[in-house]
Amino acid sequence: MDRIFEILGELRKAGREVFRVESPVPQPYASVDPGHLRVELAAGAAAHLVVLHTEEGTSALDIDLSEGAQLELTELFLGGTFCETAVRQGARSRCRMTTVLLAGANVVYRIELEGADAENNLGGAFLLGGREHGVVKLHTSHRVSDCRSDSTVKGVAGGEAVGEFSGLVYVARDAQRTDARQQSRNVLLSETARIETMPQLEIYADDVKCSHGATVGQMDSDAILYMRQRGLSESQARRLQIEGFVGDIVRRCGVEPLGEALLELAAEKLEKL
Amino acid sequence: MENNMLSVKNLHATVEGKEILRGIDLEVKAGEVHAIMGPNGSGKSTLASVLAGNEKYTVTEGTVEFLGRDLLSMSIEDRARLGLFLGFQYPVEIPGVTMANFMKLAVNEQRKYRGEEPLTAAEFLRLMKEKSAVVELSSKLTSRAVNEGFSGGEKKKNEIFQMAMLDPKLAILDETDSGLDIDALRIVATGVTKLHTPQNATVVITHYQRLLDYIVPDVVHVLYKGRIIYTGDKTLALKLEKEGYDWLINEYDK
Ligand SMILES: Nc1ncnc2c1ncn2[C@@H]1O[C@H](COP(=O)(O)OP(=O)(O)OP(=O)(O)O)[C@@H](O)[C@H]1O
Ligand SMILES: [Mg+2]
């Protein structure tokens, strides 16, 4: 955790209330417990933004990407924050989002693809234990033609934790040639943990490529056995398997040492699940 | 007998209430190669699993001593750390877990168990490189996730690579030769031969003589209906290849 603060401490501060980026050269910015923050990327601007949520309170991110803007957004939840993130994307904009819940936060994403050829890519992971209750809601709207969205949210729940995922992909009548994918994949670590997943599609256009899927499974006991046969303890084997499951999401954040630091932090949490 | 590595006496085991092993006796000494053959479903993999400590199986009778220890009282991982290796008939895929990561933990757990310091990053990389050469496993594979998307042959090579990394006292190889093409069979078999020393022992479970052309067994056992019904020398494998099991089975079932 200290490592995360250290890394974020070296980044520029994203400021309070309104954070505006004009530069086309992406620089990494950080914001800790932003409260209500408006993020504006001017046409053609680019940025990396890392947002850390540690508090119990509410938070709202209002993100606006003008034409051709590119944002890499990483959000990390370490407290039971209630957070709503709204992303509006103009034509040809790109938004790559990573969201990692290491606590029972309640997180809502509303993604509006409003300009042609906009692209949104979201990777989410929640790791819940004890009596934590985490929620990820995702609402992706394709308002116009030729946009792409791809979301994968992976959930892990142990102890008596409860995880919820609900995802909706909405494709408006005129949003032809939409390419939308949504995946929810989950693993339960105990008999008493629960994960509910509800992926939905609402499609009004006829020329679209949409797919969605959801799975809830257990740990692979054959893999645990295999690893133990090579000398790993049961807890190491379990940890390695979960790390393998969520690792691609947790590690993918674009700011260099942060991905590994996040994985480390996630691994510490896994140890206790 | 001090060079006795493994001593199995009257081993009985059940799975889901069904008795699969019905009194196995087996003595393996350091420096020996044993082959276990037998028809499908006779209990070969079950024997390997029970020795490795798979908790799915319940031992109902008998004893197993390994390197002077009571094997059956040990956990799966402690058996492995002590020097027991099982090459799986069906190696398991572990998505997202790299071979390097997996092997680093495995090797260092073993070292810890033996009171040795963990390997440094450089030492570990050197070991990986040296041992992957034993089975001509490309570094592309060792940097991938464990067995994920590996071909059948690559999985079996990967088992022997892991065996090379862990340098076991006793390796039980369950049909490591199945599903291999001629070149892969040669590579895997030569790899196993290279790893064989007077200080360790190998038990190969196989259906085919062709593996035994490379790994010449000192003893060949036939397992049938959960018992070793016949034990012979290497010529037994040749005879079985030619004549099948009928002559033994008919005798036994009488
Ligand atoms: N988990 C299990 N549940 C039920 N039956 C089992 C289980 N494992 C093994 N068996 C049964 O035990 C018997 C022996 O199986 P085993 O896999 O040991 O045979 P094998 O000699 O290795 O066969 P093969 O040559 O086909 O690999 C079979 O009848 C099999 O169906
Ligand atoms: Mg078998």
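The values are calculated or read from the model by the stated rules, or taken from the named source; none is laboratory data. All of these numbers come straight from a predicted model, not from anything done at the bench. In this analysis, Cβ positions are derived from the backbone assuming ideal geometry, glycine residues included, and neighbour counts consider all displayed protein chains. To get the accessible areas, we keep the full protein, side chains included, count just its heavy atoms, and leave off ligands, DNA and RNA. Shrake-Rupley method; radii C 1.70, N 1.55, O 1.52, S 1.80 Å.
Could you derive backbone 3J(HN,Hα) for the range B:238-245 from the dihedral phi with the Karplus parameters 6.51, -1.76 and 1.60 (θ = phi - 60°), listing whole Hz in sequence and x where the residue is Gly or Pro?
5, 5, 5, 4, 6, 10, x, 9
Pick from B:A164, B:A133, B:A201: which residue has the top mean-square fluctuation in a GNM of chain B where Cα pairs under 10 Å get a spring?
Result for chain B, Cα springs under 10 Å: B:A133 fluctuates most.
Which of the residue pairs A:K272/B:K157; B:K44/B:K155; A:K137/A:K209 have a Cα-Cα distance greater than 26 Å in the structure shown?
A:K272/B:K157
Please report, as a whole percent, how much of the solvent-accessible surface of the range A:2-219 comes from carbon and sulfur atoms (probe radius 1.4 Å).
Ligands and nucleic acids excluded, carbon and sulfur reach 46 percent.
With the solvent-accessible surface defined on protein heavy atoms using a 1.4 Å probe, which residues belonging to the range A:222-243 display a reduction of at least 50 Å² in accessible area in the multichain context relative to the isolated chain?
Buried-area filter returns A:L225, A:Y226, A:R228, A:Q229, A:R230, A:G231, A:L232, A:Q236, A:L240.
If amide H atoms are built 1.01 Å from N in the plane of the peptide, which residues on other chains or at least 5 residues away come under 5 Å of the amide H of A:V187?
Answer set, sorted by chain and number: A:G155, A:V156, A:A157, A:G217.
Just to check I understand the Karplus step: with θ = phi - 60° and J = 6.51 cos²θ - 1.76 cosθ + 1.60, what whole-Hz values come out for the range A:250-255, glycine and proline as x?
Result, rounded to whole Hz: 5, 7, 7, 4, x, 7.
In Å², what does the accessible area per residue of chain B work out to with a 1.4 Å probe?
Result: 45 Å² of accessible area for each residue.
When the accessible area of each residue in the range B:86-102 is compared between its chain alone and the complete protein assembly (1.4 Å probe; ligands, DNA and RNA ignored), which residues differ by at least 30 Å², being lower in the assembly?
Hits at the 30 Å² cut-off: B:F88, B:V92, B:I94, B:G96, B:V97, B:F102.
Considering only protein heavy atoms, what per residue accessible area in square angstrom results for the range A:2-219 with a 1.4 angstrom probe?
Per-residue value: 41 Å².
Obtain the nm distance between the two label points defined at B:L125 and A:E40 by a simple spin-label model: each point lies 7 Å from its Cα along the Cα-to-C-beta direction.
According to this spin-label approximation, the distance is 4.9 nm.
With the Cα gyration tensor of the range A:2-219 in hand, convert its eigenvalues to equivalent ellipsoid semi-axes via √(5λ) and list them largest first in whole Å.
Square roots of five times the eigenvalues give 27, 25, 12 Å.
Among B:V97, B:V188, B:V33, which one moves the most in a GNM of chain B with springs linking Cα atoms closer than 10 Å?
B:V97
From the phi angles alone, apply the Karplus equation (6.51, -1.76, 1.60; θ = phi - 60°) to the range A:35-52 and give each ³J(HN,Hα) in whole Hz, x where the residue is Gly or Pro.
In residue order, the calculated couplings are x, 9, 10, 9, 10, 10, 10, 5, 3, x, 6, 9, 7, 10, 10, 10, 10, 10 Hz.
Quick check on chain B: helices-only [θ] at 222 nm, where DSSP H runs of length 4 and up contribute -39,500 (n - 2.57) each and the sum goes over total residues. Nearest 500, please.
So the helix-based figure for chain B works out to -12000 deg cm²/dmol.
Give me the percent of accessible area attributable to carbon and sulfur for the range B:40-98, probe 1.4 angstrom.
Within the range B:40-98, the accessible surface is 46 percent carbon and sulfur.
Of the accessible area of the range B:108-254, with the probe set at 1.4 angstrom, what percent is carbon plus sulfur?
Of all accessible area on the range B:108-254, carbon and sulfur atoms account for 52 percent.
What residue among B:V135, B:V15, B:V219 shows peak mean-square fluctuation when chain B is described by a Gaussian network model with Cα springs under 10 Å?
Evaluated over chain B, the most mobile residue of the options is B:V15.
How many nm is it between the label spots at B:D70 and A:E10, if each spot is 7 Å from the Cα in line with the beta carbon?
5.5
How far is it, in nm, from the label point at A:M198 to the one at A:H212 when both lie 7 Å from their Cα along the line to the Cβ?
Label-label distance for A:M198 and A:H212, simple model: 1.1 nm.
What are the aspartates and glutamates whose alpha-carbon lies under 12 Å from the alpha-carbon of B:K56, with same-chain residues fewer than 8 places away excluded?
Cα-Cα hits under 12 Å: A:D222, B:E16.
Quickly estimate the mean residue ellipticity at 222 nm for chain A, helices only: each DSSP H run with n ≥ 4 gives -39500 (n - 2.57), and the total goes over all residues, rounded to 500.
So the helix-based figure for chain A works out to -6000 deg cm²/dmol.
Taking amide hydrogens as modeled 1.01 Å from N in the peptide plane, which residues meet the under 5 Å criterion relative to A:A214, leaving out close sequence neighbours?
A:S184
List the residues of the range A:154-178 whose backbone N lies under 16 Å from a point placed 7 Å from the Cα of A:R131 along the Cα-to-Cβ direction.
Taking a point 7 Å out along Cα→Cβ of A:R131, the residues of the range A:154-178 whose backbone N falls under 16 Å are A:158-163.
Tell me the total accessible area that B and A bury against each other, 1.4 angstrom probe, in square angstrom rounded to 100.
2000
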